[in-house]
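Right, one structure below, let's go through it.
The values are calculated or read from the model by the stated rules, or taken from the named source; none is laboratory data. Keep in mind it's a predicted model, so treat the numbers as computed, not measured. Glycine also receives a Cβ, built like all others from the backbone with ideal geometry; neighbour counts cover every protein chain displayed. The area values use the complete protein model at the heavy-atom level, side chains included, leaving out ligands, DNA and RNA. Shrake-Rupley method; radii C 1.70, N 1.55, O 1.52, S 1.80 Å.
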Amino acid sequence: MKSSVKNIAEPLVFFAVLLLLWEFLVRMTDVPDFILPPPRDLYTAFTENLYVITIHSVVTFAEAVGGFALSFILGVGFAISVVYSRHLQNTIYPLIVILYAMPKSALAPLMVIWIGYGMFSKMSIAFLVAFFPIVVNTVVGLKEVEPELLDLARINRASQFDIFTKIRLPNSLPYLFAGVKVALILSVTGAIVAEFVAANQGLGYLIMQALYSLDTALTLVILFILALLSLGLFMAVQVLQRKIAPWSSEVRQVEGSF
Amino acid sequence: MASLITVKDVLKVFRSGEKTIHALDQISFEVDEGSFVSIVGPSGCGKSTLLKIISGLLASNSGTIRVNNHQVDRPLENVGMVFQSPVLLKWRSVLGNIMLPVEFAKLDRDRHLETARSLIQLVGLQGFEEMYPFELSGGMQQRVSLCRSLVTDPQILLMDEPFGALDAMTRDELDLELLRIWEERKKTVLFVTHNIQEAVFLSDYVVVMSARPGRLLKKLRIDLVRPRTLEMLSSSQFGEYTLQIRGMLTSASKIPDAAIGSTT
Ligand SMILES: Nc1ncnc2c1ncn2[C@@H]1O[C@H](COP(=O)(O)OP(=O)(O)OP(=O)(O)O)[C@@H](O)[C@H]1O
Ligand SMILES: [Mg+2]
């Protein structure tokens with residue numbers, strides 16, 4: 001009990017001190033506002049722009065989650081086919097690896113030409129950055145099955161379908177969840193970068209607008225919003241994992257550390 | 001008693017790239033129905049390989065395995081397997097894990113649920129049916145694995161160092177439990193271990209193997225009365241058996257590699 005209070009209080013105190021230090025530093029050094037505004041300015045920037053921030057957040061959120069959802073569906077499907085088809089493993093998989101080695105955000109300008117100026121080109125970048133971690137983790141999870149389990153399955157004449165649904169698929173869940181967490185964070189990044197390139201809405205667009213008018217306070221506010229957005233997605237997955245796969249070791253570790 | 005398993009001239013060579021590993025060399029022995037036979041030998045002498053060949057999961061290069069007078073050329077159906085690690089499904093409860101072979105083999109669920117519950121009773125896991133593997137100790141997990149191997153009521157039990165990873169006390173406990181189950185359920189057990197004492201304590205016969213390439217040094221009959229008790233561990237007769245086996249293993253390992261046979 002005592003330690004749980006401490007676990008909440010400690011970070012709060014820490015952040016309060018950090019904010020004070022920030023305020024203090026800005027006043028001491030007389031640094032111009034457009035380099036580092038004091039925390040008060042961030043608060044005003046936040047409250048004054050609440051409506052605009054909300055609207056653009058929704059756009060970015062939709063792009064990131066949309067791209068992620070597509071990468072999840074296609075990624076898991078692709079991973080399963082790769083595991084079961086040697087042909088795909090020999091042909092498409094290397095292609096995916098090459099694509100992975102390519103900096104995906106550098107594709108953003110191309111996507112504007114191919115897909116257009118709107119949300120779909122941002123979604124496509126979010127999809128591209130999220131796809132690979134999903135595929136790789138799922139492939140590993142489906143493959144890394146203890147050989148003794150497969151012996152057991154063979155001795156008992158298990159069908160391929162049973163081996164898939166009762167061993168491989170559940171075995172891949174902890175890996176898949178790890179992949180999903182990475183993919184979600186990356187898809188937010190992907191959406192933002194794509195908005196930097198060409199957009200008329202979204203938090204990336206808003207950051208560019210704020211920077212044009214040297215509104216550093218608003219830029220910083222948006223960065224914090226982005227952090228919260230990613231964190232929220234991450235936690236949602238964590239909760240989902242505890243519900244679907246409470247046995248996966250990672251979850252147990254997290255619980256054990258509190 | 002009739003011989004249930006006949007191993008004849010089994011030879012196994014593994015080839016991986018340039019290297020060839022001569023794992024088993026002309027192994028022959030018989031296992032009577034209802035008997036308890038242990039296989040001992042130094043690490044890497046091919047015990048696990050032999051068990052896999054007998055189960056039909058792995059093909060030998062030459063030689064034959066016959067079970068119930070049928071030549072084994074595909075995985076056996078009437079065997080239960082226990083491995084060194086419990087290999088339980090983390091996402092299934094104790095009961096769910098034990099029922100896995102039943103689901104795989106598409107057997108009648110209700111009837112085997114009863115079997116599963118009686119096995120759980122037998123190994124003293126009642127009350128743990130709905131627990132998950134991570135909530136169990138190593139010994140309990142291995143008990144679950146034992147139940148899983150027995151749930152389809154196989155004729156033969158193949159056990160590959162099943163208690164090797166457990167502490168000595170838990171191992172003694174599980175050895176006794178295994179003997180009780182074996183006597184009660186009339187199984188034929190092939191038990192791999194590198195613990196000589198354990199082999200003598202459990203078995204009717206101990207098959208002693210040499211270092212790689214694994215050869216049969218001797219099939220030693222153990223004439224200790226049953227049921228076996230832990231007190232027997234300190235009897236002179238018991239000591240003689242373990243000494244005899246130890247002697248075979250050390251004298252075999254003194255022979256230089258070249259004399260046993262080239263490994264290339
Ligand atoms: N799939 C394989 N491919 C290549 N070599 C193998 C394979 N399986 C086993 N071997 C080799 O065959 C030999 C016998 O292996 P095996 O696992 O049967 O030994 P073991 O007697 O069970 O050893 P331990 O007591 O350590 O479990 C070893 O040298 C091993 O390296
Ligand atoms: Mg072995």
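All of B:125, B:158, B:176, B:166 fail the test of being within 16 Å of ligand 1 (Cβ to nearest atom) and more than 14 Å from chain A (Cβ to nearest Cβ), apart from B:166. I'd like to know if segment A:48-64 contains one or more residues that are outside any helix (DSSP H, G or I), under 23 Å from residue A:200 (Cα atoms) and open to solvent by 30 Å² or more (accessible area, probe 1.4 Å). The answer is yes; a qualifying residue exists. Note on segment B:79-90: residues that are in contact with a Ser or Thr (Cβ under 8 Å, 6 or more places away or on another chain), facing another protein chain (nearest Cβ under 8 Å) and hydrophobic (A, V, I, L, M, F, W, C) amount to 4.
If you go through segment B:113-132 and keep only what is open to solvent by 10 Å² or more (accessible area, probe 1.4 Å) and under 21 Å from residue A:162 (Cα atoms), you end up with B:113, B:132. Scanning segment B:18-35 turns up no residue that is outside the structural domain of residue B:244 (by TED's automatic domain parsing), part of a loop (DSSP other than H, G, I, E, B), out of contact with any helix residue (DSSP H, G or I) (no Cβ under 8 Å at 6 or more places or on another chain) and over 24 Å from residue B:140 (Cα atoms).
Can you work out which of the residues in segment B:22-51 that are more than 14 Å from ligand 2 (Cβ to nearest atom) and farther than 27 Å from residue A:157 by Cα is most open to solvent (accessible area, probe 1.4 Å)?
Initial filter on segment B:22-51 (more than 14 Å from ligand 2 (Cβ to nearest atom)): B:22, B:25-37.
Adding the requirement that they be farther than 27 Å from residue A:157 by Cα leaves B:22, B:25-29.
Working: B:22: 39, B:25: 24, B:26: 93, B:27: 1, B:28: 43, B:29: 14 Å².
Looking at residues that are more than 14 Å from ligand 2 (Cβ to nearest atom) and farther than 27 Å from residue A:157 by Cα, I get B:26.
You will find that of B:230, B:216, B:202, B:157, the residue that is away from ligand 2 (no atom under 16 Å from the Cβ) and in contact with a Lys or Arg (Cβ under 6 Å, 6 or more places away or on another chain) is B:157 and no other. When you look at residue B:168, is it more than 14 Å from the chain's Cα centre (by Cα), more than 16 Å from ligand 2 (Cβ to nearest atom) and not polar (S, T, N, Q), yes or no? Yes, satisfied.
Confirm whether residue B:199 is within 13 Å of ligand 1 (Cβ to nearest atom), farther than 26 Å from residue B:118 by Cβ, surrounded by 23 or more Cβ atoms within 10 Å (Cβ to Cβ) and among the hydrophobic types (A, V, I, L, M, F, W, C).
On the way: within 13 Å of ligand 1 (Cβ to nearest atom): yes; farther than 26 Å from residue B:118 by Cβ: yes; surrounded by 23 or more Cβ atoms within 10 Å (Cβ to Cβ): yes; among the hydrophobic types (A, V, I, L, M, F, W, C): yes.
Taking the combined requirement at face value, the residue satisfies it.
Among the residues of segment B:31-78, those that are among the hydroxyl-bearing types (Ser, Thr, Tyr) and either away from chain A (no Cβ under 12 Å) or over 16 Å from residue B:190 (Cβ atoms) (or both) comprise B:35, B:38, B:43, B:49, B:60, B:62, B:64. How about segment B:44-64: which of its residues are near ligand 1 (Cβ under 6 Å from one of its atoms) and either part of a loop (DSSP other than H, G, I, E, B) or small (Gly, Ala, Ser) (or both)? Residues satisfying the conditions are B:44, B:45, B:46, B:48. The set of residues in segment B:99-112 being within 13 Å of chain A (Cβ to nearest Cβ) and open to solvent by 20 Å² or more (accessible area, probe 1.4 Å) consists of B:103, B:105, B:106, B:107. The set of residues in segment B:52-98 that are open to solvent by 10 Å² or more (accessible area, probe 1.4 Å), touching a residue at least 24 places away in the same chain (Cβ under 8 Å) and touching an Asp or Glu at 6+ places or on another chain (Cβ under 6 Å) comprises B:63, B:83, B:84, B:93, B:95.
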